[in-house]
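The numbers here are math on the coordinates, done by the rules we state, and not lab data. Keep in mind it's a predicted model, so treat the numbers as computed, not measured. Cβ sites come from the backbone with ideal geometry, for glycine too, and all protein chains shown count toward neighbours.
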Amino acid sequence: MRFDFETMLASERYGLLLATVLPRPIAWVTTCDRDGLVNAAPFSFFNVFGSDPATVGVGIGSKGPAEPKDTRANIRETEQFVVNLVPFSLAQEMRVTSIAFPRGVEEPAEAGLSLAASERVAVPRIAQAPVSMECSFMQEIALGSFGLVLGKIVMVHVSDEAVIDAGRQHVDASKLDLIGRMEGAWYTKTRDRFEMPPIALNDWNDARSARHIAAEST
Ligand SMILES: Cc1cc2nc3c(=O)[nH]c(=O)nc-3n(C[C@H](O)[C@H](O)[C@H](O)COP(=O)(O)O)c2cc1C
């Protein structure tokens, strides 16, 4: 089946992207408005894009024409945000924070979440989150009704129990127990995994030579 993105409606393209780009990590973004009210919302148009500068990108839509979602409006106002990551144990709380509350409603309180002060930004992080990344705003790239917000990560918090070796940046992913977004209302857990080390070019070439020699001698 082919899907011609040149002739499809934007809503149809959106549907197919959400149904096929799987799983997607979830940025659980906390922001503050001008009055210091704390907003939280999940976004799965999210990833990291570099480490020097350490860069996160979040695709944030609009509530209506020329009315960005509260998260995007807050980031424009304060130029700071925190990306918290979502463990399975907080899935329901994350879901509550995705409700389309009016601007000014504090989703962390609605969801019964505790907040902890950040160190480099004024926006608090979600205390129960196993990973929180404090970010300063870099730029916003307009993508129709969406905005791709890029931020520089200036501080990362990882729950102590998940850190295996801080000096070598080894973290026990099973302790983070993060969830990802699947299609529709489905989510996935991240504990079902397999190991596959990369193949060095020399090893690949040696193995290929060995296969040739074996083929020629038969
Ligand atoms: C798991 C999940 C992922 C989501 N991803 C996005 C996304 O990438 N971009 C977006 O604009 N909205 C996304 N949403 C919807 C927002 O979370 C929702 O519109 C929220 O109310 C926005 O809150 P705000 O207006 O306080 O920023 C997602 C919702 C869920 C539950």
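Say whether the condition of being at positive phi, touching a residue at least 24 places away in the same chain (Cβ under 8 Å) and of a type outside the set (A, V, I, L, M, F, W, C) is met by at least one residue in region 165-177. Scanning region 165-177, I find at least one residue that is at positive phi, touching a residue at least 24 places away in the same chain (Cβ under 8 Å) and of a type outside the set (A, V, I, L, M, F, W, C), so the answer is yes.
Scanning region 173-218 for residues that are surrounded by 10 or more Cβ atoms within 10 Å (Cβ to Cβ), within 22 Å of MET94 (Cα to Cα) and of a type in the set (Asp, Glu) yields ASP177, GLU183.
What about GLU67, is it in contact (Cβ under 8 Å) with a residue 12 or more places away in the chain and not aliphatic (A, V, I, L, M)? Answer is no for this residue. Take the residues in region 62-79 that are small (Gly, Ala, Ser) and near the ligand (Cβ under 10 Å from one of its atoms); name whichever of them is surrounded by the most Cβ atoms within 10 Å (Cβ to Cβ). Within region 62-79, the match that is surrounded by the most Cβ atoms within 10 Å (Cβ to Cβ) is ALA73. Suppose we keep only residues that are touching a residue at least 60 places away in the same chain (Cβ under 8 Å) and of a type in the set (A, V, I, L, M, F, W, C) within region 91-101. Which one would you say is nearest to the ligand (Cβ to nearest atom)? For region 91-101, the residue satisfying everything is MET94.
You will find that of VAL82, VAL123, VAL105, the residue that is closer than 19 Å to ASN47 by Cβ, within 14 Å of the ligand (Cβ to nearest atom) and either loosely packed, with under 14 Cβ neighbours inside 10 Å or in contact (Cβ under 8 Å) with a residue 12 or more places away in the chain (or both) is VAL82 and no other. Within region 38-61, the residues that satisfy the criterion of being within 8 Å of the ligand (Cβ to nearest atom) and closer than 22 Å to GLY15 by Cα are ALA41, PRO42, PHE43, SER44, PHE45, PHE46, VAL58, GLY59, ILE60, GLY61. Every listed requirement among (1) in contact with a helix residue (DSSP H, G or I) (Cβ under 6 Å, 6 or more places away or on another chain); (2) of a type outside the set (D, E, K, R); (3) on the phi > 0 side of the Ramachandran plot is met by GLY36 save one, (1).
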